[in-house]
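Q: Here it is, the structure, as structure tokens.
The values are calculated or read from the model by the stated rules, or taken from the named source; none is laboratory data. Every value quoted in this text rests on a predicted model; they were computed, and no experiment measured them. Every residue, glycine among them, receives a Cβ derived from its backbone with ideal geometry; neighbour counts consider all protein chains shown.
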Amino acid sequence: MDLTSLQQRLNELENEKLVRKCMNQYMHLCDLLDVDFELSKLTSLFTKEAVWEGKGQRYGGTFGRHEGREAISQMFEKYTRPPAHFNLNVHYLCNELIEVDGAEANGSWVLLQPSTFADGNSQLSSARITASFKYENNQWLINHFQTENIFSRPVKEPWDNSKPLPVPE
């Protein structure tokens with residue numbers, strides 16, 4: 001293997017890692033959405049012309065389609081108004097596939113999301129996430145984000161229980 005092809009492979013791996021980092025940062029910030037959350041931290045992960053959309057019968061109707069960074073910010077803004085929407089919200093990503101082609105990339109993930117809402121109700125949801133990315137200004141940004149529900153299920157008790165954890169004596 002020559003040095004040029006080795007450098008190309010290394011660049012592809014590094015770009016794949018940076019795409020993954022962008023998506024993980026997005027999900028981490030979604031976990032933190034709360035009253036007075038600084039939305040620019042989240043929306044700065046999107047290109048100016050980005051699209052964020054729910055797909056399918058359930059998420060298409062629930063979330064809709066939002067075109068442009070400002071519209072995406074407005075969609076997320078409702079999660080930052082009092083009263084808080086979530087008491088607990090965690091996004092777990094798995095089954096990752098990322099393909100990088102020059103200054104563009106595509107990825108897909110399966111999401112598992114346990115949530116407890118401010119009203120005390122809880123839910124477990126799973127979705128298929130697909131996203132395209134662009135390399136702009138020396139960083140990878142989300143250009144088109146799609147989420148499609150696989151299942152959602154109400155849960156009778158909050159996910160977090162304040163009882164002490166059982167430990168062996």
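Q: Would you mind stating whether residue 158 is surrounded by 14 or more Cβ atoms within 10 Å (Cβ to Cβ) and not small (Gly, Ala, Ser)?
A: yes
Q: What's the number of the only condition in (1) surrounded by fewer than 16 Cβ atoms within 10 Å (Cβ to Cβ); (2) within 21 Å of residue 23 (Cα to Cα); (3) of a type outside the set (Phe, Trp, Tyr) that residue 107 fails to meet?
A: Looking at each condition in turn, residue 107 falls short on (1).
Q: Continuing with the same structure: Just checking, does the stretch 116-125 include any residue being in contact (Cβ under 8 Å) with a residue 60 or more places away in the chain and either surrounded by 13 or more Cβ atoms within 10 Å (Cβ to Cβ) or among the hydroxyl-bearing types (Ser, Thr, Tyr) (or both)?
A: no
Q: Related question: Need the failing condition index for residue 40 against (1) modelled with pLDDT under 95; (2) surrounded by fewer than 11 Cβ atoms within 10 Å (Cβ to Cβ), just the number.
A: With (1) modelled with pLDDT under 95; (2) surrounded by fewer than 11 Cβ atoms within 10 Å (Cβ to Cβ) applied to residue 40, the lone miss is (1).
Q: Looking only at the stretch 23-37, count how many residues are farther than 13 Å from residue 93 by Cα and surrounded by 14 or more Cβ atoms within 10 Å (Cβ to Cβ).
A: 4
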